[in-house]
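Trainee: Provided herewith is a single structure, encoded as structure tokens, for subsequent inquiry.
The values are calculated or read from the model by the stated rules, or taken from the named source; none is laboratory data. Because the structure is predicted, anything quoted here is derived from the model rather than measured. Cβ: placed from backbone, ideal geometry, glycine included. Neighbour counts: every protein chain shown. Accessible surface is based on the protein model in full, side chains and every heavy atom, while ligands, DNA and RNA are left aside. Shrake-Rupley method; radii C 1.70, N 1.55, O 1.52, S 1.80 Å.
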Amino acid sequence: MEKLLLEKRTMLSNRLVQISGSKSISNRLLILDALYKDLRCENLSDSQDTKVLQKALSSTQDTIDIHHAGTAMRFLTAYFAIQSDRSVILTGSTRMKQRPISELVHALRDLGADITFTENEGYPPLQINGRTLKGGTIHMPGDVSSQFISALLLIGPFLPEGLEIHLTGDILSRPYIEMTLTLLKKVGFDSQFKDNVISVSPYNLESSASQIRYFHVESDWSSASYYYSMAAISRQSIRLKNFKNYSYQGDSQLKEIYWKYFGINTVTDIQELSISLLPENHQSVSRIELDMRTCPDLAQTLCITAAAKKIPFQITGLKTLKIKETDRLLALHNELKKIGCNTIITEESIESTHFFEISEPIEIQTYNDHRMALSFAPYALIQSLTIQDPNVVEKSYPMFWNHFDQITEIIES
């Protein structure tokens, strides 16, 4: 397995980095463009996940392999379910075949979709025989993956009777659902989210004059989190291009999180569409206690930043992390030990128990998970470490190692 040695580094002050477009927004727009036909998008994500989705949408093959791309699996399941002239097998990597998708499939079946599990019940691969679905009302638990709900919402306007989803119980990752609804409205589709009911009105493409819609995709806030971590650890400033003061990406919450716990002030330059991360004089907090159900993808970065600063933490609301590219809670538990942080984990939380000095060389296993490599990289500002399978970052941020080299320099021994 390829490995990357990150020798101990210092961060260069006030460098500028331009991250590509949000993966979450790009993938939603690609599905809408495939259905609506008249979207024009700039600054799409250059992530492997987005490229896999683009390739799948243009494919005429009977079997489509989306590899590790979880978003593509969920969104394409709904997309192909309403393609009445297509029958496809949707498959993926070994890990993808272990990630449950039954809640989405059952919801689509309730709408009349013809989908079967070809290997294990409840998991990909899927045989999808496209049909003309009318739409209507369905019921789903609110604590399922928000991507299941978004997949349904994206096809909602193209169902003759529209779509109404009744969610029961707590709703996880609500900002991602609201992002989907915001994009639907920007395209011109009517939707509502009141109490626990989401409704999307039908849109008649034949009787409505189609209008070209232009989108400049904001850069990815999830990817920005690694620079917040570096700013917090090094106490050096950095500028990030193509970010707005207001964002409908749920992970933009990291501005408030890193201000409250690490004193990183986010200053927006509206004209340049950039933000500056400015470490301020800040009294260190004695403990971090945070429910991250609305932004679980930030949890790995936050835990490693806290460990680097030796700040005790208890992070809850992480139920969905166990079914990501790997079991992220277990992966964090294993790898945090290597940087001197013992933890205990439950089905939905992680808590530090104590910090200790380490003497052995650090080698971080990434478990085929891009966020493990990305979130541990800033620790090189504390101590040298080796990252296994560094190319895993291509899933979300292919240019990361180039950008990392541009804003840091190796400390000469």
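Trainee: Which whole-number percentage describes the relative contact order of the stretch 315-404, with Cα contacts under 8 Å and a sequence gap of 6 or more? Mind showing how you got there, number by number?
Mentor: Values: 121 pairs, mean separation 20.1, N = 90.
Here the relative contact order equals 22 percent.
Trainee: What is the magnitude of the charge dipole of the chain about its Cα centre, with +1 placed on the Cβ of each Lys and Arg, -1 on the Cβ of each Asp and Glu, and no other charges, expressed in debye to the nearest 20?
Mentor: Working: 41 positive and 48 negative charges, 92 e Å.
Dipole magnitude for the chain comes out near 440 debye.
Trainee: Name the residue farthest towards the positive end of the dipole of the chain from the options S375, I128, T71, assuming +1 on Cβ of Lys and Arg, -1 on Cβ of Asp and Glu, about the Cα centre.
Mentor: Result: S375, furthest along the dipole toward the positive end.
Trainee: Using helices alone, I'd like the mean residue ellipticity at 222 nm for the chain: each DSSP H run of four-plus residues gives -39500 (n - 2.57), total over residue count, nearest 500. Walk me through the intermediate numbers first.
Mentor: Details: 12 runs with 127 residues, N = 413.
One gets -9000 deg cm²/dmol as the mean residue ellipticity at 222 nm.
Trainee: Could you derive backbone 3J(HN,Hα) for the stretch 144-155 from the dihedral phi with the Karplus parameters 6.51, -1.76 and 1.60 (θ = phi - 60°), listing whole Hz in sequence and x where the residue is Gly or Pro?
Mentor: Rounded to whole hertz, the list is 6, 4, 4, 5, 4, 5, 5, 4, 5, 5, 5, 8.
Trainee: Using a 1.4 Å probe over the heavy atoms of the protein chains, calculate the carbon and sulfur portion of the accessible area of the chain as a whole percent. Intermediate values should be presented prior to the final figure.
Mentor: Values: 7530 of 17080 Å².
Heavy-atom surface of the chain belonging to carbon and sulfur, 1.4 Å probe: 44 percent.
Trainee: Can I ask one more? As an exercise, use a Förster radius of 22 Å and the Cβ-Cβ distance of W259 and E289 to find the FRET efficiency, rounded to the nearest 0.05. Don't jump to the answer; show the numbers that get you there.
Mentor: Values: r = 16 Å, r/R0 = 0.73.
E between W259 and E289, to the nearest 0.05, is 0.85.
Trainee: Given the Cα-Cα distance of V267 and T116 and 0.36 nm per residue of separation, how much length would full extension add, in nm? Mind dumping the intermediate values first?
Mentor: Numbers: separation 151, 0.36 × 151 = 54.36 nm, distance 5.01 nm.
Additional length available on full extension: 49.4 nm.
Trainee: Additional query: If you rank Y261, Y246 by how much accessible surface each has, with a 1.4 Å probe, what is the order from largest down? If you can, show how the numbers build up before the last one.
Mentor: On the way: Y261 15, Y246 170 Å².
In descending accessible area the options line up as Y246, Y261.
Trainee: If you wrap a convex hull around the alpha carbons of the chain, what volume per residue comes out, as a whole number of Å³?
Mentor: Numbers: hull volume 57.6 nm³, N = 413.
That works out to 139 Å³ per residue.
Trainee: Another question, if that's okay. Probe of 1.4 angstrom, ligands and nucleic acids ignored: what's the accessible area per residue over the stretch 267-413, in square angstrom?
Mentor: Values: 6170 Å² over 147 residues.
Counting only protein heavy atoms, the per-residue value for the stretch 267-413 is 42 Å².
Trainee: Just the Kirkwood number for the stretch 229-348, please: inverse of mean 1/r across all distinct Cα pairs, in Å, one decimal.
Mentor: Values: mean 1/r = 0.0655 Å⁻¹.
Taking every pair of different Cα atoms in the stretch 229-348, averaging 1/r and inverting gives 15.3 Å.
Trainee: Can you tell me how much longer the chain between T346 and Q192 gets when fully stretched, taken as 0.36 nm per residue apart minus their C-alpha distance, in nm with one decimal? Kindly include the intermediate steps, with their values, before the conclusion.
Mentor: On the way: separation 154, 0.36 × 154 = 55.44 nm, distance 3.49 nm.
Stretched out fully, the T346 to Q192 stretch lengthens by 52.0 nm.
Trainee: How large is the dipole of the stretch 1-54 about the Cα centre if only Lys and Arg carry +1 and Asp and Glu carry -1, each at its Cβ, rounded to the nearest 20 debye? If you can, show how the numbers build up before the last one.
Mentor: Working: 9 positive and 7 negative charges, 43 e Å.
Here the size comes out at about 200 debye.
Trainee: Can you flag which of K134/K324; K255/K338; K51/K244; K241/K337; K186/K322 are past 30 Å Cα-Cα?
Mentor: On the way: K134/K324 32 Å; K255/K338 28 Å; K51/K244 25 Å; K241/K337 34 Å; K186/K322 33 Å.
In this structure, K134/K324; K241/K337; K186/K322 exceed 30 Å between Cα atoms.
Trainee: A further question on this structure: Measure out, as a whole number of angstrom, how far apart the alpha-carbon centroids of the stretch 100-141 and the stretch 52-79 sit.
Mentor: 15
Trainee: If you don't mind, there's one more thing I want to ask. Calculate the length of the line joining the C-alpha centroid of the stretch 228-245 to that of the stretch 285-352, in whole Å.
Mentor: 21
Trainee: Note the angle between two axes, namely the Cα long axis of helix 23-36 and the longest principal axis of the Cα atoms of the chain, as a number of degrees from 0 to 90, rounded to the nearest 10.
Mentor: 10
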